[in-house]
Amino acid sequence: SVERSLVFGATLGNVDKSATLKVTGVLDVVEVERDLGAYKYPGVAVVATNYWAALKGRKALKVTWNTNGKEKFNSKDYNQSLRDLANTDGLVQHSNGDFDKVFAESKEQVVAFYETPIVSHSPMEAMNCTAHWKEGNQLEIWASTQVPSWVIGDLTKRYGIKEEDIQLHVCFNGGGFGRRLATDFIVEATNLAKVLKKPVKLVWTREDDTQLGPFRPPTFSAMKGSVVDGKINAFQHKVISPTVVPLQDKSKVDTTMVEGISEQKYEIPNMKNMFVYSDVHIPFGYWRSVTSSTLAFAHECFIDELAVKAGKDPMDFRLGMLTKQSDTKRVLQKLKEVSNWDKPLSKGKGRGVAQYEFFAGLAGEVVEVTRMGDNSVKIDKVYVVIDLGTVVNPDNTRAQMEGAVVMGITAAIKNGITFANGKTEQSNFHDNPVLRMNEMPKIEVHILAEGGVQMKGVGEPGLPPVAPALANAIFAATG
């Protein structure tokens, strides 16, 4: 079990291991580094004959850290810095037509600002790895990983060994969601096994997982748009955010952080989308559906705001901007059909729609909610339509959509990750909750598959439309 500073960017000070070495079962205390690419974090590993002894010994450690001013970092100030950055021009990611001129001359303008929080991956299986260096510099590993090839590639370069010298046992993932794209926990175990010359099983606590990241980065979105004759004539999505991997060339747009905002099939004559980079020392990583999980929220909610400005039904408003045949049009038409969109709901109920197409595929959703007597909102049902081109396993597809809805609602309605005094304020499921069974809506999944056309992804597309469809439904139910 490894003790690490809860203040990101801290360096190791003094280590008093005297009390730890008195714990029955503790064998040694050694330093170990956590490698997250651009970020390196020192740690102190307690090695024992069993995990309980290692954890007990870790709690007995007395470690001081040099926080190097990083203890001043907090969410309130950082979020304000993102809002301030929104006032800068940033880099143009995409431009067609003449947005500036058309927007300035439009009488029906809408301006909005959307914020999404930092969130954790929270896989049910905590991060863990077992590593064993054998004779002849042979390495054997047991780990839950999403990227076996990345693990092999990393370790061959790191240790100067051949691929055939590594035997990787890929275990079932007790949740990945992008967290198991990183190899930090595997490298910690392999380094310790090499130093100790014994097999090592490394286990993270739930608190380690919640507090240490990497996290989904926040993305703030400054939106501008205008309508004429019931359609959008000018549209702008400016993204203000850090990046998953810190930018080396700040003169270029990080395409990961703006994915999909200029690729939606809506026929908009004047568009100018932008990116503003925020440098920060917090470690971020890929989270299920990557940046589409946050960008779709701003993008599709703003489409609804423009629909309201135009006095149009949100579904008809979208379809009105899809005169050409496309997968997006088919998804929305199917959603309109299966959700009985044109059938009025009873008083106090509302439905919202959203879709998003990005590198992983395309899905759309309709969410139905009820405004309760105490002014809370109950999520009643989610209709999902996913466009696959070719479906391999319908049952697995439905399961992936259901899981995506769970993660999407969790990210939309729970508190997320915040920082104070340089540290993550949340530590476990009591203050970083996920959706519970009694909060689950009904989910109805429809699969569009036409054999012979491009095969699309299943694991991620169901997530981006969840938050905007929910927010749009809440507006429809409550105003």
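Residue pairs whose Cβ atoms lie under 8 Å apart, separated by 6 or more positions or on different chains, with the first residue in region 366-384 and free of Cβ contacts under 8 Å to residues at least 40 places away in the same chain and the second of a type in the set (A, V, I, L, M), are Lys378/Val369; Lys378/Met372. Once region 440-458 is narrowed to residues that are open to solvent by 30 Å² or more (accessible area, probe 1.4 Å) and at pLDDT 95 or above, the residue that is farthest from Asp313 (Cα to Cα) is Val458. Quick check, is Glu164 of a type outside the set (Lys, Arg), in contact with a Lys or Arg (Cβ under 7 Å, 6 or more places away or on another chain) and not in a loop (DSSP other than H, G, I, E, B)? For Glu164, the condition - of a type outside the set (Lys, Arg), in contact with a Lys or Arg (Cβ under 7 Å, 6 or more places away or on another chain) and not in a loop (DSSP other than H, G, I, E, B) - is not met. If we keep just the residues of region 191-209 that are more than 20 Å from the chain's Cα centre (by Cα) and of a type in the set (Lys, Arg), which is most open to solvent (accessible area, probe 1.4 Å)? Once the filter is applied, the top-ranked residue is Lys197. Here is the figure for region 116-148: residues that are in contact with a Cys (Cβ under 6 Å, 6 or more places away or on another chain) and under 25 Å from Gly416 (Cβ atoms) total 1.
Restricting the first member to region 91-114 and to residues that are more than 19 Å from Phe302 (Cα to Cα), and the second to residues that are surrounded by fewer than 15 Cβ atoms within 10 Å (Cβ to Cβ) and of a type in the set (Ser, Thr, Tyr), the beta-carbon pairs closer than 9 Å and six or more apart or on different chains are Leu91/Ser251. Kindly evaluate Ala10 against the criterion of being over 33 Å from the mean Cα position of the chain (by Cα) and open to solvent by less than 50 Å² (accessible area, probe 1.4 Å). Answer is no for this residue. All conditions in (1) surrounded by 19 or more Cβ atoms within 10 Å (Cβ to Cβ); (2) modelled with pLDDT under 95 hold for Asn375, with the sole exception of (1). The set of residues in region 54-112 being under 30 Å from Val203 (Cβ atoms), surrounded by 13 or more Cβ atoms within 10 Å (Cβ to Cβ), among the β-branched types (Val, Ile, Thr) and touching a strand residue (DSSP E or B) at 6+ places or on another chain (Cβ under 6 Å) consists of Val63 alone. For Thr478, state whether it is polar (S, T, N, Q), buried (at least 18 other Cβ atoms within 10 Å of the Cβ) and either in contact (Cβ under 8 Å) with a residue 12 or more places away in the chain or under 24 Å from Val119 (Cα atoms) (or both). No. Please count how many residues of region 166-177 are surrounded by 16 or more Cβ atoms within 10 Å (Cβ to Cβ) and either more than 25 Å from Pro461 (Cα to Cα) or in contact with a strand residue (DSSP E or B) (Cβ under 8 Å, 6 or more places away or on another chain) (or both). Summing the residues that are surrounded by 16 or more Cβ atoms within 10 Å (Cβ to Cβ) and either more than 25 Å from Pro461 (Cα to Cα) or in contact with a strand residue (DSSP E or B) (Cβ under 8 Å, 6 or more places away or on another chain) (or both) in region 166-177 gives 2. Within region 419-432, the set of residues being of a type outside the set (A, V, I, L, M, F, W, C), part of a loop (DSSP other than H, G, I, E, B) and more than 23 Å from Ser292 (Cβ to Cβ) comprises Asn421, Gly422, Glu425, Gln426, Ser427, Asn428, His430, Asp431. Scanning region 113-136 for residues that are part of a loop (DSSP other than H, G, I, E, B) and open to solvent by 70 Å² or more (accessible area, probe 1.4 Å) yields Met124, Glu135.
No other residue among Ser5, Ser18 is of a type in the set (Ser, Thr, Tyr) and surrounded by fewer than 16 Cβ atoms within 10 Å (Cβ to Cβ) apart from Ser18. For region 460-471, the condition of being in contact with a Pro (Cβ under 9 Å, 6 or more places away or on another chain) and under 14 Å from Leu362 (Cα atoms) holds for none of the residues.
Taking the criterion of being polar (S, T, N, Q) and open to solvent by 20 Å² or more (accessible area, probe 1.4 Å), the residues of region 293-325 that qualify are Thr323, Gln325. Which of the residues belonging to region 210-236 are open to solvent by less than 10 Å² (accessible area, probe 1.4 Å) and assigned to a helix (DSSP H, G or I)? Within region 210-236, Thr210, Leu212 meet the criteria.
On inspection, Ser251 does not qualify as among the hydroxyl-bearing types (Ser, Thr, Tyr), within 28 Å of Thr328 (Cβ to Cβ) and either in a helix (DSSP H, G or I) or open to solvent by 10 Å² or more (accessible area, probe 1.4 Å) (or both).
If I ask for residues that are within 18 Å of the chain's Cα centre (by Cα), of a type outside the set (A, V, I, L, M), under 26 Å from Asn96 (Cα atoms) and part of a loop (DSSP other than H, G, I, E, B), which ones from region 254-284 would you list? Those that are within 18 Å of the chain's Cα centre (by Cα), of a type outside the set (A, V, I, L, M), under 26 Å from Asn96 (Cα atoms) and part of a loop (DSSP other than H, G, I, E, B): Asp254, Glu259, Gly260, Ser278.
The values are calculated or read from the model by the stated rules, or taken from the named source; none is laboratory data. If you're wondering where the values come from, they're calculated on a predicted model, not measured in any experiment. Neighbour counts are summed over all protein chains in view; Cβ atoms, including those assigned to glycine, are modelled from backbone coordinates with ideal geometry. For the accessible areas, the whole protein counts, side chains as well, though only heavy atoms, and no ligand, DNA or RNA atoms are used. Shrake-Rupley method; radii C 1.70, N 1.55, O 1.52, S 1.80 Å.
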